[in-house]
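Quick notes on the structure that follows.
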Amino acid sequence: MTPDAEDPRELVRRGWDRVSKIYRPPERADVDAFGHPRSEYATWLAPILGSVGTGGAALDLGCGCGIPTCEILAQKFQVTGVDLSDVQIERARRRLPGVRFLREDMSQVRFPPGAFAVVVSLYAIIHLPVANHLPLFRKIHRWLRPGGWFLAILGESAYTGTDPDWMGWGAPMYWSHADGDTSDRWLRTSGFEVVHRSYVPEGEGGHALFLARKPGAGTLGPPRAVERKHRRGQPAPEPL
């Protein structure tokens, strides 16, 4: 086996280091290379923004260069962004100096129980080996306070594989994910209530969007329905 096959995380890190400024160019950071505008992300985040009080802590796993998810969340929350790519984290720190960014592996980073009101991970967990998904969901459940929300875009169909030249950009990339029904079951097994699930088309395929809630006391309230028309105050908690 090649070193990359043995270490998919390193492949993902190198890939995103190389394509960061292609995928989301500095001069037009509000639109990614696939044409997805900031407004689509705002639509996905709207139920959380409308349900959770201002000033709480939010975590973005696989935050990339911080645009647009961390930027949107920072309008209301104390945000921590985590990403594996050095280039992505460097860009994020320059663009959003008021947000704390950690260059960490999302499957290895540690936070105290109940540290966050919101955890978001869009198009990121799909780059983590699928064997790590259920353990990560359980960690996220612990990191959320009772009544907290988890928003994720995961795989719709099961797939694990690599591309040595993703999109012709000269960079390798790795994906690994279960099908949507399996992710749904894993979320529920981890203790979440799956409040909403929808399909996010992209090209000839698509992804599964999940909005899940950690049951328990709290004043977060029910979320507004997530629109189905898609295409692709306190100190932030310290990691342990």
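The values are calculated or read from the model by the stated rules, or taken from the named source; none is laboratory data. None of the values given here were measured: they were computed from a predicted structure. Here Cβ is always computed from backbone atoms with ideal geometry, including for glycine, and neighbour counts include all displayed protein chains.
Please verify whether the stretch 85-104 includes one or more residues that are closer than 17 Å to Ala208 by Cβ, at pLDDT 95 or above, crowded, with 21+ Cβ neighbours inside 10 Å and touching a Gly at 6+ places or on another chain (Cβ under 8 Å).
Scanning the stretch 85-104, I find no residue that is closer than 17 Å to Ala208 by Cβ, at pLDDT 95 or above, crowded, with 21+ Cβ neighbours inside 10 Å and touching a Gly at 6+ places or on another chain (Cβ under 8 Å), so the answer is no.
Under 8 Å by Cβ, and 6 or more places apart or on different chains, what pairs join a residue from the stretch 88-113 that is closer than 24 Å to Lys139 by Cα with one that is of a type in the set (Ser, Thr, Tyr)?
Gln88/Ser20; Val99/Thr80; Arg100/Thr80; Phe101/Thr80; Leu102/Thr80; Arg103/Ser85; Met106/Ser121
Just checking, which of Leu122, Leu151, Leu134 is more than 20 Å from Phe34 (Cα to Cα) and either surrounded by 21 or more Cβ atoms within 10 Å (Cβ to Cβ) or modelled with pLDDT under 95 (or both)?
Leu151
Considering only residues that are closer than 12 Å to Phe150 by Cα and either acidic (Asp, Glu) or more than 18 Å from the chain's Cα centre (by Cα) (or both), which ones fall in the stretch 189-199?
Gly191, Glu193
Which of (1) within 28 Å of Val130 (Cα to Cα); (2) at pLDDT below 95; (3) aliphatic (A, V, I, L, M) does Val19 not meet, given it meets every other one?
(2)
In the stretch 133-148, which residues are of a type in the set (D, E, K, R) and under 21 Å from Leu45 (Cβ atoms)?
Within the stretch 133-148, Arg145 is the sole residue that qualifies.
Given the criterion in a strand (DSSP E or B), among the aromatic types (Phe, Trp, Tyr) and more than 24 Å from Trp16 (Cβ to Cβ), identify the matching residue among Trp149, Trp175.
Just a single option satisfies the conditions, and that option is Trp149.
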